[in-house]
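Written out below as structure tokens is the structure these notes cover.
Derivation of every value follows stated rules applied to the coordinates shown; laboratory data play no part. Model, not experiment: these values are computed from the prediction. Neighbour counts run over all protein chains shown; Cβ positions are idealised from the backbone, glycine included.
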Amino acid sequence: LIRMVLERYGFSVTIVSNGVDACDAAMKNNYDLILMDEQMPIMNGYDATEKIMAFEKEHDRIHTPIVSLTANVLKGSRERAFEHGYDAFLGKPIVLKEMEDLFERYFTKYKFTEESEKKEVKSTAEIERLKQALMLDDEQIGQLLDLFHTKMKNILPELKEAILNLDYKSIAKIAHSIKGSSANFRYEEFSKLAAVIEKSAREEETLFDFKEAYIEFEEAYEKLYSSR
């Protein structure tokens, strides 16, 4: 999703999957801007940001602005991000106006251009919210939804297995991933279900029925998929 939105603006994008790779990419290349997710495998965004800044200082490199990309809206989250060296803060799910404001701050020649050709995609309330928020055309929305459904088909069996094994850590990790993706796609009901499962797993709630929650989760997904 992030890649498609940024490429729509005409930016060249590098995507990495963890904090260590983020540091490696930042040290080997010169970027105009870094969007750093706070929660990543191996090394989190806070530690990665501090490591990149230390590298810049040690090698006398011009500082690349680092933007905290997070769904954390708790009080103090922005302050914590700035304390770790972030230059700006961008919330998830992505809101186009906030992203445009960010680009205008760091890119003086930034200008968004619309593409003329558009293809139609079956509309739902969620899709309309997504189109309005990101200003993507129907073809791009369709591509994003295909990616989302592909991810769900792959990740739901992993969630089921984790629940059967009562692996709280894996349940929380997988549910967190689904929660973020669902929120980005404005699938609010799906995101809320994932949030409940994640919270219950992190707190290792023995009375919570994870199997029943998964069934509800699966039914919600089938409902979403049938709407396409």
Between ILE15 and GLN143, the two model label points (7 Å from Cα along the beta-carbon direction) sit apart by a distance in nm of 1.0 nm
Contact order relative to length for region 136-226, counting C-alpha pairs under 8 Å separated by 6 or more residues, stands in percent at 26 percent
Cα to Cα, under 13 Å, and not fewer than 8 places away if on the same chain: which aspartates and glutamates meet these conditions relative to LYS28? GLU56
At 0.36 nm per residue, and after removing the present C-alpha to C-alpha distance, how many nm does the segment from ASN154 to LYS211 gain when stretched out fully? 18.7 nm
Beyond 12 Å, how much of the Cα-Cα pair distribution for region 139-182 remains, as a whole percent? 61 percent
Full-extension gain between ASP32 and PHE82, please, as 0.36 nm times their residue separation minus the C-alpha to C-alpha distance. 16.1 nm
Length added when fully stretched, ASN165-ASN44, from 0.36 nm per residue minus Cα-Cα: 40.9 nm
Could you give the distance between the Cα centres of region 168-228 and region 1-36, to the whole Å? 28 Å
Please arrange ILE94, ILE215 by counting, for each residue, the other beta carbons lying within 10 Å of its beta carbon, fewest first. ILE215, ILE94
